[in-house]
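So the structure is just underneath, and the comments pick up after that.
What follows is calculated from the coordinates using simple rules that are stated; it is not laboratory data. Predicted, not measured: the structure shown is a model, and the values here were computed from it. Cβ sites come from the backbone with ideal geometry, for glycine too, and all protein chains shown count toward neighbours.
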Amino acid sequence: MDEHVEDLLSAFIDHELNKKERQKVESHLSVCPACRKELEQLRAVKTEFISFYHHIEPPDFHFEKAVKAKISQQENRLEMNYHGLIWFFTLCVLAAGFTMYFVLRTPFYVGVNIASALVNICASSFHIALSIFSAIPSLFAIIAIAASVMLAICLWLVLNLLKMKPLKE
Ligand SMILES: [Zn+2]
C-alpha cells in the first residue's frame, strides 16, 4: 500500500488538485479504508462549516448607510410616537372637557338658579321688612333683627352653595 493521502484530502474535496494528484488520491482511496474514513469526516466537517457560515449574514457592504437608515427609521418611529402621544392627550383633554361640560352643566345651572332665587327671597324679605317697619315703627328692633338674621341665613346659604362642588367622586 502506498503512502496515505490525508494531506491532499482537503484540496481533493475543494477540487484544487491537478489531474495527476487527483488520480493518485482516487486510486489510494479505493484501497485505503482509513483515508476513505478521513475523507468522509472531512466532508462532514466542511459541510457543517459551510452551512454554519451561511447562517451568518455577511456584513453589509454599505454598513454605515444601513446603520444611518436604521437610526433615521428609529427617529421616525419616535417622532411618530411623539405625535401619536400629542394626539392622544389632545383627544383625552377634549373628551374630559366634554364630559365635564355635560356632567357639570346641569348642577351648575341648578346652583345658579337656586342662588338667584335665594337672593330674590332675601331682597323680598328685606323689602317686606322695610314696609312693615315703615307701617309700624315700634317693631323696628324686632324686624330689623329678624331681617338681619334672614339676610345672614340667606348669605350663608348662598356662600355654602358657591362653595359646594357639583361633582363628588
Ligand atoms: Zn490511506
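List the relative contact order of the chain as a percent without decimals, with contacts defined as Cα pairs under 8 Å and 6+ residues apart.
16 percent
Mind checking the full-extension length gain between residue 37 and residue 106? Use 0.36 nm per residue of separation minus the Cα-Cα distance, one decimal, nm.
Working: separation 69, 0.36 × 69 = 24.84 nm, distance 9.43 nm.
Additional length available on full extension: 15.4 nm.
Translational D (Stokes-Einstein, µm²/s) of segment 1-50 at 10 °C and 1.306 mPa s when Rh comes from the Kirkwood sum over C-alpha pairs? Before the final figure, lay out the partial values.
On the way: Rh = 11.0 Å.
Estimated via Stokes-Einstein, D reaches 145 µm²/s.
On alpha carbon coordinates alone, what is the Rg over Rh value for the chain, Rh being the Kirkwood radius? Intermediate results must be reported in sequence, preceding the final value.
Details: Rg = 50.3 Å, Rh = 26.9 Å.
For the chain, the value is 1.87.
Measure out, as a whole number of angstrom, how far apart the alpha-carbon centroids of segment 31-58 and segment 62-131 sit.
The distance from the Cα centre of segment 31-58 to that of segment 62-131 comes to 71 Å.
Which of the listed residues, 63, 113, 147, is farthest toward the dipole's positive end in segment 1-153, when Lys, Arg count +1 and Asp, Glu count -1 at the beta-carbon?
The residue sitting farthest along the positive end of the dipole is 147.
If you place +1 on the Cβ of every Lys and Arg, -1 on the Cβ of every Asp and Glu, and leave all else neutral, what size is the dipole of the chain about its Cα centre, to the nearest 20 Debye? Present the calculation step by step, with values, prior to reporting the outcome.
Values: 16 positive and 17 negative charges, 315 e Å.
It works out to roughly 1520 debye.
In the chain, which whole DSSP H runs stretch at least 24 Å along their own axis (Cα) and average 1.0 or higher on the Kyte-Doolittle scale? Can you show the working numbers first?
Numbers: long enough: 33-55 (33 Å, -0.59); 63-135 (104 Å, 0.73); 140-163 (33 Å, 2.35).
Long hydrophobic helices here: 140-163.
Please identify every one of the chymotrypsin sites (Phe, Trp or Tyr not before Pro) in segment 84-130 that sits in a loop by DSSP and has no more than 13 other beta carbons within 10 Å of its own beta carbon.
none
Label-point separation (nm) for residue 55 and residue 128, each offset 7 Å from Cα along Cα-to-Cβ?
9.7 nm
Treat each spin label as a single point 7 Å out from the Cα along the C-beta direction, and report the residue 18 to residue 117 distance in nm.
For residue 18 paired with residue 117, the spin-label model returns 11.9 nm.
Using a 4.7 Å Cβ cut-off, which Cys residues in the chain lack a partner cysteine?
Isolated Cys, the chain: 92.
Summing Lys, Arg as +1 and Asp, Glu as -1, what charge do residues with Cβ under 11 Å from the Cβ of residue 38 carry, residue 38 excluded?
Net charge around residue 38: 0.
Show that you can apply the helix-only estimate: for the chain, add -39,500 (n - 2.57) for every DSSP H stretch of four or more residues, divide by all residues, and state [θ] at 222 nm to the nearest 500. Intermediate values should be presented prior to the final figure.
Numbers: 5 runs with 139 residues, N = 169.
Rounded to the nearest 500, the figure is -29500 deg cm²/dmol.
Using a simple spin-label model with points 7 Å from Cα along the Cα→Cβ vector, what separation in nm is obtained for residue 90 and residue 144?
Once both label points are built, they end up 6.4 nm from each other.
How fast does segment 63-163 diffuse by Stokes-Einstein, in µm²/s, taking the Kirkwood radius from C-alpha pairs at 4 °C and 1.567 mPa s?
Numbers: Rh = 19.2 Å.
Estimated via Stokes-Einstein, D reaches 67 µm²/s.
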